[in-house]
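> The structure follows.
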Amino acid sequence: MSKKPVGFFGERPLPKFEVDPQVLRRRTRRDVLLFGAGAVAALAGAGSLLPQDTLTRLGVRRNLNSPGKEWLLNRALRIDDDVAETLYSPRRTVPTYTKSQITELKNNYNGATPDPGYIPGWHLTLQGLASGVSVALDIRSLMTGFSILEQITRLVCVEGWSAIAWWAGLRFDDLLRAYPPASQAKWVRVESSVNLDASGNRDPYYVSIDLATARHLQTLLAAHLNGQPLTVEHGAPLRLLVPVKLGLKNVKAITKLTYVAEEPKDYWAERGYSHYDGI
């Protein structure tokens, strides 16, 4: 007896898939952790937007005035930090794109854009090295002394926008191999001494990056954007590019890298925000 043909909208048997039990368990734990943390963070964020009368009826007794709401949102950010740090893997990479997908990148300097007068005398200072000495490198020695890599990745801003850009520069890991940090170092303080505040006054910008993230294969010290040398607006002559971190970690116009054993101070973490900023 021949089988009756199945129409386009007819019911078809579900395909069978075989999954390694260990892989399934790992994925299940990861998904549960992500869902649970996401739900808690979403509740915290949503709770900060509700009127106090509503929160009281829901059993939340804390008076969520503006400082209280900021406290709750910061708690949500710290939950995101903990999850991102737990799930970090040096083998996990962010998506890459084609040149046809490039979008406009904002000049999102933290404060006023610096005057380009600093560029002729610019150099990158390395401190906390295994050699015990401080090293200063100009942009020419960085661009000629290391392999230059290109990648097209998305820069994600904490303010809610993102852009796809074509970057070129040296891998941070290559710099670490050429100038090894002291054996006890686990962190790097990335600093821009030319950063200005909104009024144009000197306001050094600095972030903390763990060395595992610095060694990530997509972490670059970028000198080119979209096929051209960086402009002042985008961090000339050298900026940090960490696609697995939010944009506020991607320091423009780096002037110093300092390797240390304990997590260093971080510009925004000192102001009550998160410190890990992973995506």
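> Given labels modelled 7 Å from the Cα in the Cβ direction, how far is it in nm from residue 99 to residue 262?
Each label point is offset 7 Å from its Cα along the Cβ direction, giving 4.9 nm.
> With each label point set 7 Å from Cα along the Cα-Cβ vector, what nm distance links residue 177 and residue 159?
Placing both labels 7 Å along Cα→Cβ, they lie 3.7 nm apart.
> Next question. Would you mind checking region 150-179 for residues with the amide N under 19 Å from a putative spin-label position 7 Å along Cα→C-beta of residue 130?
Only 171-179 fall inside the zone, counting backbone N under 19 Å.
> Let me ask another. Please arrange 104, 159 by accessible surface area, largest first, computed with a 1.4 Å probe and ligands excluded.
Putting 104, 159 in descending order of accessible area: 104, 159.
> Still on this model: Please compute, over every Cα-Cα pair in region 95-199, the percentage with a separation greater than 18 angstrom.
65
> Just check region 211-264 against the gyration tensor rule for me: Cα atoms, a ≥ b ≥ c as the square roots of the eigenvalues, rounded for a/c under 1.5, and otherwise prolate or oblate depending on whether a/b exceeds b/c.
Prolate, because a/c is 1.5 or more and a/b exceeds b/c.
> What is the distance in Å between the Cα centroid of region 217-240 and that of region 136-205?
8
> Something else now. Extending each Cα 7 Å along its Cβ direction at residue 110 and residue 141, get the distance between those two points in nm, one decimal.
2.8
> If ligands, DNA and RNA are left out, what is the accessible area of residue 231 with a 1.4 Å probe, given in Å² to the nearest 10?
Per-residue accessible area (residue 231): approximately 70 Å².
> On to the next question. Could you tell me which of rounded, prolate or oblate describes region 112-269, using a ≥ b ≥ c as the square roots of the eigenvalues of the alpha-carbon gyration tensor, with rounded for a/c under 1.5 and, failing that, prolate when a/b is larger than b/c and oblate otherwise?
It is rounded, given that a/c, with a ≥ b ≥ c, falls under 1.5.
> Report the residues of region 240-279 in range of a label on residue 198: point 7 Å along Cα→C-beta, backbone N strictly under 19 Å from it.
It comes to 248, 267-273, nothing else.
> Mind ranking 144, 125, 153 by accessible surface for me, highest first, 1.4 Å probe?
Largest accessible area first, the residues go 144, 125, 153.
> Ok, one more. Can you pull the accessible area of residue 273 for me, 1.4 Å probe, Å² to the nearest 10?
Number for this one is 110 Å².
> Could you sort 210-218, 166-174, 232-240 so that the peptide with the highest average Cβ count within 10 Å comes first and the rest follow in order?
232-240, 166-174, 210-218
> While we're on this one: If you add up the charges near residue 227, with Lys and Arg at +1 and Asp and Glu at -1, over every other residue whose beta carbon is less than 10 angstrom from its beta carbon, what do you get?
0
> I've got another one for you. Under a point-charge model restricted to the Cβ atoms of Lys and Arg (+1) and Asp and Glu (-1), what is the dipole moment magnitude of region 120-198 relative to its Cα centre, in debye to the nearest 20?
220
> Related question: If I take every Cα pair under 8 Å that is 6 or more residues apart in region 185-279, average their sequence separation and divide by the length, what percent do I get for the relative contact order?
37
The values are calculated or read from the model by the stated rules, or taken from the named source; none is laboratory data. Computed from a predicted model, the values in this text were never measured in an experiment. All Cβ positions, even for glycine, are placed from backbone atoms using ideal geometry, and neighbour counts span all protein chains on display. Side chains are part of the model used for accessible areas, which takes the heavy atoms of the whole protein and leaves out ligands, DNA and RNA. Shrake-Rupley method; radii C 1.70, N 1.55, O 1.52, S 1.80 Å.
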